[in-house]
Amino acid sequence: MRRYALLLLGGSLLACQTASDSFVLGPTDANVSGTFALASINGGILPVVARLTTVDRWDLAADTLRISGDSTWTETSFYNVTTLADGSVTAAQSIASGVYVVADKQINFTMKVGGTATFVGAVQSNTLTLVFNDSHFVYLR
């Protein structure tokens, strides 16, 4: 099975929602560590179509991002993969990870496994917001 690490952040997301031009990332709290579950993408809820081919459809069913105190992070994405020919559904997951640094009142993430993307975010209370490719992703602790 091919791995689709970070389809969500890799820009392949086919969700119908679009990012708001007025979205501004707020300043992050000092304590950013924790485990966060994806709640919405540009205001839309899960599941969303993450990848669509002539053979199958990958629906993002859940996504968890763990930010550790040692400046590392790990994301696990869970998909329901529907084979278009017969409608059968199988579960799949992908894992991506990397490092982060807090600077300029935001979290600067760098992916090391699963791709080479960089993106920013902020933790405010129990909410983590990520900004990538003009979209915003809201996670709850």
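Which of the numbered conditions does A92 fail, given that it passes all the others? Conditions: (1) within 20 Å of L140 (Cα to Cα); (2) of a type in the set (A, V, I, L, M, F, W, C); (3) touching a residue at least 60 places away in the same chain (Cβ under 8 Å); (4) surrounded by 13 or more Cβ atoms within 10 Å (Cβ to Cβ).
(1)
Has the stretch 118-135 got any residue that is crowded, with 17+ Cβ neighbours inside 10 Å, modelled with pLDDT under 95 and either among the basic types (K, R) or not in a strand (DSSP E or B) (or both)?
Checking the stretch 118-135: not a single residue is crowded, with 17+ Cβ neighbours inside 10 Å, modelled with pLDDT under 95 and either among the basic types (K, R) or not in a strand (DSSP E or B) (or both).
Please determine whether any residue of the stretch 60-80 is among the polar types (S, T, N, Q), on the phi < 0 side of the Ramachandran plot and modelled with pLDDT under 95. Quick ask: steps written out before the conclusion?
Residues of the stretch 60-80 among the polar types (S, T, N, Q): 64, 68, 71-72, 74, 76-77, 80.
Next cut, on the phi < 0 side of the Ramachandran plot only: 64, 68, 72, 74, 76-77, 80.
Narrowing further to those that are modelled with pLDDT under 95: none.
No, the stretch 60-80 contains no residue that is among the polar types (S, T, N, Q), on the phi < 0 side of the Ramachandran plot and modelled with pLDDT under 95.
Among the residues of the stretch 93-104, is there at least one that is farther than 21 Å from N42 by Cβ, assigned to a loop (DSSP other than H, G, I, E, B) and of a type in the set (S, T, N, Q)?
Scanning the stretch 93-104, I find no residue that is farther than 21 Å from N42 by Cβ, assigned to a loop (DSSP other than H, G, I, E, B) and of a type in the set (S, T, N, Q), so the answer is no.
With the stretch 20-79 as the region, which strands (runs of 3 or more DSSP E) entirely inside it contain at least 3 residues that are more than 17 Å from L140 (Cα to Cα)?
Details: elements: 34-41, 48-52, 56-67.
Once the strands (runs of 3 or more DSSP E) in the stretch 20-79 are filtered for at least 3 residues that are more than 17 Å from L140 (Cα to Cα), what remains is 48-52, 56-67.
The values are calculated or read from the model by the stated rules, or taken from the named source; none is laboratory data. Note that the structure is predicted; figures quoted are calculated from it, not measured. FYI the Cβ positions are ideal-geometry reconstructions off the backbone, even for glycines, and counts take in every protein chain you see.
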